[in-house]
1. Could we say that Cys161 is near ligand 2 (Cβ under 10 Å from one of its atoms), buried (at least 17 other Cβ atoms within 10 Å of the Cβ), touching a residue at least 24 places away in the same chain (Cβ under 8 Å) and over 18 Å from Ala42 (Cβ atoms) here?
2. Pick from Asp65, Asp74: which is surrounded by 14 or more Cβ atoms within 10 Å (Cβ to Cβ) and farther than 25 Å from Leu119 by Cβ?
3. Just to verify a result, which residue in segment 168-181, among those that are more than 9 Å from ligand 1 (Cβ to nearest atom) and among the small types (Gly, Ala, Ser), is modelled with the highest pLDDT?
4. Test each condition in (1) over 19 Å from the mean Cα position of the chain (by Cα); (2) assigned to a helix (DSSP H, G or I); (3) not acidic (Asp, Glu) for Leu28 and report the one that comes out false.
5. Within the group Cys165, Cys191, Cys195, Cys155, which residue is at pLDDT 90 or above and in contact with a Pro (Cβ under 6 Å, 6 or more places away or on another chain)?
Amino acid sequence: MSFIFKAFLSGADGVFVGGCRLGECHYLTHGNYVALNTVILARRILEYLGLSPQRVRIEFMGSSDGLIFARVVDEFIATVERLGPLGEGEGVAPDAVRERLQRLLRLVPYIKIAIRDKLTTRVEDPQRADELITLDDVERLFKRLFAYRIDADKCKGCGVCAGRCPVNAISGERKKPHKIDEQECILCGTCFDVCKFDAIQRVAVEPLLPVRSP
Ligand code: SF4
Ligand code: SF4
């Protein structure tokens, strides 16, 4: 998912994702089903951010489908040209678009964990998959945001949480209270799970992204 939003942040006005036909993946993982759900989630997120979901498209085809590929890409280019530059076409200022995308990229690991069940659901029909992840799902994700904080009175400075944090967001000296850098934290919850002293709390915070306008 971060590839899609990084592309927008790098100046793309549209992102096209191509994959092998559903059911024809050569790998046991059948990643094209996850790709489909990921694109649907990305579309819902764009919508939530006030940007057109039509800016992301996924299509499945085989290596001999050159003509289909050309037609689909032509269609997609026409759609993106009609939409105009990202943000401009939707009336969202470029700075606001950039800020929203940057905030969103920080949340990708959290989003993937929070909505993992839906992302990995295998739906054969792309139309049905489109209904799998709704705008309400996305709104719930961003509304219930929280942060992890360390209670200095309870922390023993054992360092276990710092050792397990995947992004090195926790620092502190041995036997002294540790601290979480909330700008770096990706909300994976590992520290919360591993602290044996109940020193890490989950506290509600303001949404990092603007709440969807009515
Ligand atoms: S695991 Fe708990 S006690 Fe140990 S450093 Fe982290 S917050 Fe402190
Ligand atoms: S939740 Fe804890 S372990 Fe996970 S990224 Fe944040 S500080 Fe690190």
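The values are calculated or read from the model by the stated rules, or taken from the named source; none is laboratory data. Just so it is clear, the structure is predicted and the values come from calculations on it, not from any experiment. Cβ: placed from backbone, ideal geometry, glycine included. Neighbour counts: every protein chain shown.
1. Criteria met by Cys161.
2. Only one candidate passes the filter, namely Asp65.
3. Ser171
4. Going through (1) over 19 Å from the mean Cα position of the chain (by Cα); (2) assigned to a helix (DSSP H, G or I); (3) not acidic (Asp, Glu) one by one, Leu28 breaks only (2).
5. After applying the criteria, what remains is Cys155.
Here is a yes/no grid of residues against (1) out of contact with any helix residue (DSSP H, G or I) (no Cβ under 9 Å at 6 or more places or on another chain); (2) over 25 Å from Glu24 (Cα atoms); (3) of a type in the set (A, V, I, L, M):
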site: Thr79; (1), (2), (3): no, yes, no
site: Gly84; (1), (2), (3): yes, yes, no
site: Arg103; (1), (2), (3): yes, yes, no
site: Ile113; (1), (2), (3): yes, yes, yes
site: Asp117; (1), (2), (3): yes, no, no
site: Ile133; (1), (2), (3): no, no, yes
site: Lys143; (1), (2), (3): yes, yes, no
site: Cys161; (1), (2), (3): no, yes, no
site: Cys165; (1), (2), (3): no, yes, no
